[in-house]
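The values are calculated or read from the model by the stated rules, or taken from the named source; none is laboratory data. Model, not experiment: these values are computed from the prediction. Here the Cβ positions follow ideal geometry from the backbone for every residue, glycine too, while neighbour counts run over all protein chains shown.
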Amino acid sequence: MYELLGEPQLAVEIKKSRFIATCVHVDTPEAALEAVKRLECPDATHNCWAYRIGGAYRFNDDGEPGGSAGRPILAAIDGQEFDNVLAHVVRYFGGIKLGVGGLVRAYGNTVAECLRTAEKKLRVMRTELAFSVDFSDTHAVYGIIAQRKLIKESESYTPNGVDFRLSFEADLEDEIRTRLTDATRARIRWADAPK
């Protein structure tokens, strides 16, 4: 998945209608709706939009035929593998009807091209592991933390040992679990990491 940098904009003319796409990084649905208000052009014929924030999404056709604007905008966001993005497209009608298929292509392609050329960075998915070890195993845990450059989110001492919570890139989870299990000779006690 990609994270959007900046606020790219793209304007295209299709059969005398002008489409202007603006894409914005958003972290919550509320922030997305605030961005919609900010980007809205009252003089435009249509203000259509969609956002994707993890599993949450929403779209609006703003008077265009159902499924011809908001859904293709969302499909463009997903197709370009972005998350935490609102894409807003204003249309100034030029007098020539595009038909539903033409609108789907116009809205979807405008947003897809805007995102394709946007500044972005690869979003690294992270995960956490929480566990406890005996005092005698802490040195081995510290070694793995240093060697793999893990982030120690918390460390607390208890009468039975030390509780750790570590974070790291999600694709390393199996390797980290194996290393910790081997280093402690399977004496590690796993807990559920907070989400």
Being within 13 Å of the chain's Cα centre (by Cα), at negative phi and small (Gly, Ala, Ser) narrows it down to one of Gly70, Gly79, Gly94, Gly66, so name that one.
Gly79
Of the residues in the stretch 99-124, how many are in contact with a strand residue (DSSP E or B) (Cβ under 7 Å, 6 or more places away or on another chain) and not in a helix (DSSP H, G or I)?
6
Which ones in the stretch 158-182 are more than 30 Å from Leu122 (Cβ to Cβ) and either of a type in the set (Gly, Ala, Ser) or touching a strand residue (DSSP E or B) at 6+ places or on another chain (Cβ under 9 Å) (or both)?
Thr158, Asn160, Gly161, Val162, Asp163
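Yes or no, residue by residue, for (1) at positive phi; (2) more than 25 Å from the chain's Cα centre (by Cα); (3) basic (Lys, Arg); (4) surrounded by 14 or more Cβ atoms within 10 Å (Cβ to Cβ):
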site: Val133; (1), (2), (3), (4): no, yes, no, yes
site: Ser136; (1), (2), (3), (4): no, yes, no, no
site: His139; (1), (2), (3), (4): no, yes, no, no
site: Gln147; (1), (2), (3), (4): no, yes, no, no
site: Glu153; (1), (2), (3), (4): no, no, no, yes
site: Asn160; (1), (2), (3), (4): no, yes, no, no
site: Asp163; (1), (2), (3), (4): no, yes, no, yes
site: Ser167; (1), (2), (3), (4): no, no, no, yes
Please enumerate the residues belonging to the stretch 105-157 that are touching a Gly at 6+ places or on another chain (Cβ under 6 Å) and hydroxyl-bearing (Ser, Thr, Tyr).
Ser132
Select from the stretch 183-195 the residues that are surrounded by 12 or more Cβ atoms within 10 Å (Cβ to Cβ) and touching a helix residue (DSSP H, G or I) at 6+ places or on another chain (Cβ under 9 Å) and write down the one among them that is farthest from Met1 (Cα to Cα).
Arg187
When residues of the stretch 1-35 are filtered for being over 18 Å from Ala75 (Cα atoms) and buried (at least 20 other Cβ atoms within 10 Å of the Cβ), how many remain?
2
Is at least one residue of the stretch 110-127 buried (at least 17 other Cβ atoms within 10 Å of the Cβ), among the polar types (S, T, N, Q) and in the same structural domain as Glu81 (by TED's automatic domain parsing)?
yes
Whether any residue in the stretch 37-48 is among the basic types (Lys, Arg), outside the structural domain of Ala170 (by TED's automatic domain parsing) and assigned to a strand (DSSP E or B) is what I want to check.
no
